[in-house]
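**Student:** One structure is given below, represented as C-alpha cells, and several questions about it will come after.
The values are calculated or read from the model by the stated rules, or taken from the named source; none is laboratory data. These numbers were taken from a predicted model, which means no experiment stands behind them. No Cβ is skipped: glycine too gets one built from the backbone with ideal geometry, and neighbour counts run over all protein chains shown. Keep in mind that these areas ignore ligands, DNA and RNA; they rest on the heavy atoms of the full protein, side chains included. Shrake-Rupley method; radii C 1.70, N 1.55, O 1.52, S 1.80 Å.
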Amino acid sequence: MKRWKPDFTNSTKQPQTNGWYDLREDWALIESSIASQYGIRLRQASDMPWSEFTNLVAGLLPETPLGAVVKIRSEDDPKILKQFDADQMAIRNKWRERQALQQLDNPEILKNSMDNLSKMLKSMFGENNVEVV
C-alpha cells in the first residue's frame, strides 16, 4: 500500500510552485504557529520525524501566525481585498511578486502557465480566435 505524503505545494488557487508559504522565509511563523497551536517547541523536538512535522504544518489553523499570513496571501475576493489595510496589501503583494518572479526564472513553470492561459482563453473566446505567443 502506498503511503500518502502531504503535498505542501499543491493549492487550488496558486500555481504549483511553492503554495502559500516558504519553509525558509516563513520559518519563524511556522515555529510560532506550531508552538501556539500544539504547544510544541520545534527547537526542543530535534528527533521529530519529517512526516510528523509536515502533518503538523498541514494542520495549522487560520488563527495561527502562519495561518493569518497565508489567509492574506491567498485572498482573491475583491470585497475582502478592499477592506485590507496597507500592511495586509503589502504582505499579499510581496508574496505575489515573489511567485511571479519565480515563474519567470523557471521556463517549465512559465510554459505551463502560458499553456493554461491559452486553454482558458480558448474556452472563453473560441478555439479559432485566440493565439498566445
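**Student:** Quick one: how many residues across segment 99-109 are out of contact with any Leu (no Cβ under 9 Å at 6 or more places or on another chain), more than 15 Å from V70 (Cα to Cα) and open to solvent by less than 70 Å² (accessible area, probe 1.4 Å)?
**Tutor:** 4
**Student:** Looking at L101, L81, which one is in a helix (DSSP H, G or I) and more than 30 Å from Q37 (Cβ to Cβ)?
**Tutor:** Step by step, each of L101, L81 is checked, and only L101 is in a helix (DSSP H, G or I) and more than 30 Å from Q37 (Cβ to Cβ).
**Student:** Could you grab the pairs with beta carbons closer than 7 Å, sequence gap of 6+ or different chains, first residue in segment 51-62 and closer than 10 Å to S33 by Cβ and free of Cβ contacts under 8 Å to residues at least 60 places away in the same chain, second one open to solvent by less than 20 Å² (accessible area, probe 1.4 Å) and in a loop (DSSP other than H, G, I, E, B)?
**Tutor:** As it stands, the answer is none, since no pair meets every condition given.
**Student:** While we're here: Yes or no: segment 12-21 includes at least one residue that is at pLDDT below 80, open to solvent by 50 Å² or more (accessible area, probe 1.4 Å), β-branched (V, I, T) and within 24 Å of K94 (Cβ to Cβ).
**Tutor:** So far as segment 12-21 goes, yes, one or more of its residues are at pLDDT below 80, open to solvent by 50 Å² or more (accessible area, probe 1.4 Å), β-branched (V, I, T) and within 24 Å of K94 (Cβ to Cβ).
**Student:** While we're looking at this one, here's another question. For segment 38-51, which positions are in a helix (DSSP H, G or I) and modelled with pLDDT under 95?
**Tutor:** L42, R43, Q44, W50, S51
Per-residue answers, yes or no, for (1) touching a helix residue (DSSP H, G or I) at 6+ places or on another chain (Cβ under 7 Å); (2) surrounded by 13 or more Cβ atoms within 10 Å (Cβ to Cβ); (3) more than 18 Å from G19 (Cβ to Cβ):
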position: A35; (1), (2), (3): no, yes, yes
position: L42; (1), (2), (3): yes, yes, yes
position: S46; (1), (2), (3): no, no, yes
position: V57; (1), (2), (3): yes, yes, no
position: L81; (1), (2), (3): no, yes, yes
position: Q88; (1), (2), (3): yes, yes, yes
position: I91; (1), (2), (3): yes, yes, no
position: E97; (1), (2), (3): no, no, no
position: K111; (1), (2), (3): no, no, yes
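**Student:** Which one is most open to solvent (accessible area, probe 1.4 Å) among residues in segment 65-78 that are free of Cβ contacts under 8 Å to residues at least 60 places away in the same chain and outside any helix (DSSP H, G or I)?
**Tutor:** My answer is D77.
**Student:** Got a number for residues in segment 23-37 being without any contact (Cβ under 8 Å) to a residue 24 or more places away in the chain and not in a helix (DSSP H, G or I)?
**Tutor:** Counting residues in segment 23-37 that are without any contact (Cβ under 8 Å) to a residue 24 or more places away in the chain and not in a helix (DSSP H, G or I) gives 3.
**Student:** Answer yes or no as to whether A90 is over 13 Å from the mean Cα position of the chain (by Cα) and either without any contact (Cβ under 8 Å) to a residue 40 or more places away in the chain or closer than 22 Å to A28 by Cβ (or both).
**Tutor:** Yes, satisfied.
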